[in-house]
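What follows is a single structure, written as structure tokens, with notes after it.
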Amino acid sequence: MQDQKTTESIWVFYRNAWLFMIPICVQALVETLLGLMNNFIVGQFGDTDTVAGVASSSNIYDLVWYIFFAIIAAGNIFTAQYLGSKDDHKVQETTNIKLFYTLIFSVLFIIILELFSKQILGLILGTTDQHHQKASEIGTRYSQLTAWNYPLLGFAYVMSLTMNTCGNVKVPFFTALSSLCLNTFLVCILSLPYHNSPNLGIVGMAISLIVARTVECLIFLGYLIIKKPIYRPNLNIFKISGDMHKKYIKAFLPLWISNMLFGASIVVQTSLYSYYGDTSVVAAAQITGSAIAIFYSTFRGYNALVSLYVGKNLGAGELDLAKENATKILKLSFINSLIISLIIVSCAFWVPKTLFPNLTAEALYLTTWFMAFSAFTYFCINMLQPLFNFLYSGGYTLIVSVFDLFLIWIVDIFVTFALLRWAHIDIKWIMMISCLSKIIDFITSYLLYKIVPWNKKIVGESHEQHGEIITQQP
């Protein structure tokens, strides 16, 4: 009887966890699809060089995104704390400081891309002696056009994640969905080569993205003006105290360095494939990366789930309950990872040839092969998310960041480089081994989770009630 109750309790936990994660994951998925849509559209009218050029420029976008994430994540630490202390003025100030730094970096990105896009794309694609020259020219032009999107992206992303932190999930979700639909509608009209269409190609894609982002920002602005939530910024976003700047920079720098190096690792890996392979290899790597990114939308759900069922219980002193919930979340992650990995494998045999009909036979073959084995990569990375979040909950942010970067640069990047440089084998086998090497990341991270004493309380006594029982609806 006791075993039956335990089993029922576990399944109730899984049900509640899924109900909690699904809205957050769907919002992240919609945001990912907005970026993926342009890669899909270019596959309808462009050749392999065009696909490789536009897809490679997405590496720059990803790097910008990681920096914006570091800016907002650091600010949200203080947003959450001031919400708890009911200091509305300081909540506004945290929104100001997030907008302030996203604005600075946005302007910096525009200047860098307008002046040095050609050199940056050259590094990514390895354009020496006319190698990948056409793809580089297309990527350069597209990067310069979309650079003007970054201030809009920064504002929208600040407001979206700030609203989520403050408990508002509906407005960011429907705003992101509206932006996706508008971008899709405009890019189909402006870029696809149907009869009497403007047929603007990558220019139409850039225009569609900027218009969609503008509408997204206007929706957020309208909500802030009409509803006047406590997290709305001051009209003067430069109204920030010196003490806030000091505290923010101290929290931001480790996250910024970590995200910069992570984003750079993606660029380096693409550069390795480009340098030692041809355009077909670049296209395969970029298309696979963009497709698998759809399923990374689950990551944001794990962050929230661990905060609710582990972090909150640790803060309440319910250490045994936190550890029990962590075990259940790991089992849940295993189930989710297995199901989605099987979906990715099944997609590998029809998605590339359906969405990218203009690829060469070699590029299509490599894309199918790489996507199939990337299912294993996803399984390992998805299992890493709760493990790292458990360690973050116990205060081990620095050690996790250093450890994560070590795995990325020494294990992942070095393995790929060593195989490309010294192993005289077909590129498809190198792609396969690179995917399978993720098991090293998972095993070592799991050992770190078991060894490090993360299950501890790191905050002072509070007057809050004890942690939630896991069978309650979140």
Would you confirm, using the coordinates I've provided, whether Tyr365 is under 21 Å from Ser333 (Cβ atoms), of a type in the set (Ser, Thr, Tyr) and part of a helix (DSSP H, G or I)? no
Somewhere in region 95-106, is a residue modelled with pLDDT under 75 and either under 21 Å from Asp278 (Cβ atoms) or part of a helix (DSSP H, G or I) (or both)? no
Within region 2-16, identify whether any single residue is touching a helix residue (DSSP H, G or I) at 6+ places or on another chain (Cβ under 7 Å), surrounded by fewer than 19 Cβ atoms within 10 Å (Cβ to Cβ) and either under 30 Å from Ile230 (Cα atoms) or modelled with pLDDT of 75 or more (or both), and answer yes or no. yes
Given the conditions (1) surrounded by fewer than 18 Cβ atoms within 10 Å (Cβ to Cβ); (2) touching a Ser or Thr at 6+ places or on another chain (Cβ under 8 Å); (3) assigned to a helix (DSSP H, G or I); (4) not hydroxyl-bearing (Ser, Thr, Tyr), and given that Leu200 satisfies all but one, which numbered condition is not satisfied? (3)
Please go through region 241-281 and give me each residue that is within 18 Å of Ile72 (Cβ to Cβ), open to solvent by 30 Å² or more (accessible area, probe 1.4 Å) and at pLDDT 80 or above, ordered by number. His245, Ile249
All but one of (1) within 18 Å of Ile202 (Cα to Cα); (2) modelled with pLDDT under 85; (3) charged (D, E, K, R) hold for Lys170; state the number of the condition that does not hold. (1)
Looking across region 214-239 at residues that are aromatic (Phe, Trp, Tyr) and modelled with pLDDT of 90 or more, the single one that is most open to solvent (accessible area, probe 1.4 Å) is Tyr223
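Can you tell me how many residues in region 440-474 are modelled with pLDDT of 50 or more and open to solvent by less than 60 Å² (accessible area, probe 1.4 Å)?
Counting residues in region 440-474 that are modelled with pLDDT of 50 or more and open to solvent by less than 60 Å² (accessible area, probe 1.4 Å) gives 9.
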Pair list, Cβ under 8 Å, 6 or more apart: region 65-77 residue more than 14 Å from Ala28 (Cβ to Cβ) and open to solvent by 30 Å² or more (accessible area, probe 1.4 Å), other residue of a type outside the set (A, V, I, L, M, F, W, C) and assigned to a helix (DSSP H, G or I): Tyr66/Asn259; Tyr66/Gly263
Subset of region 175-212, residues more than 25 Å from the chain's Cα centre (by Cα) and at pLDDT 90 or above, comes to none
What do you reckon, is Met159 out of contact with any strand residue (DSSP E or B) (no Cβ under 6 Å at 6 or more places or on another chain), under 30 Å from Ile230 (Cβ atoms) and buried (at least 21 other Cβ atoms within 10 Å of the Cβ)? yes
Meets criteria (touching a helix residue (DSSP H, G or I) at 6+ places or on another chain (Cβ under 9 Å), at pLDDT below 90 and surrounded by fewer than 22 Cβ atoms within 10 Å (Cβ to Cβ)) for Val345: no
Please go through (1) within 14 Å of Val26 (Cβ to Cβ); (2) without any contact (Cβ under 8 Å) to a residue 24 or more places away in the chain for Leu200 and return the number of the only condition it doesn't satisfy. (1)
Condition (residue is open to solvent by 60 Å² or more (accessible area, probe 1.4 Å) and more than 30 Å from Phe252 (Cα to Cα)) applied to region 403-420: is it met by at least one residue? yes
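The values are calculated or read from the model by the stated rules, or taken from the named source; none is laboratory data. These figures come from a predicted structure and were not determined experimentally. Here Cβ is always computed from backbone atoms with ideal geometry, including for glycine, and neighbour counts include all displayed protein chains. The protein model used for the area step is the full one, side chains on, heavy atoms only, and it has no ligands, DNA or RNA in it. Shrake-Rupley method; radii C 1.70, N 1.55, O 1.52, S 1.80 Å.
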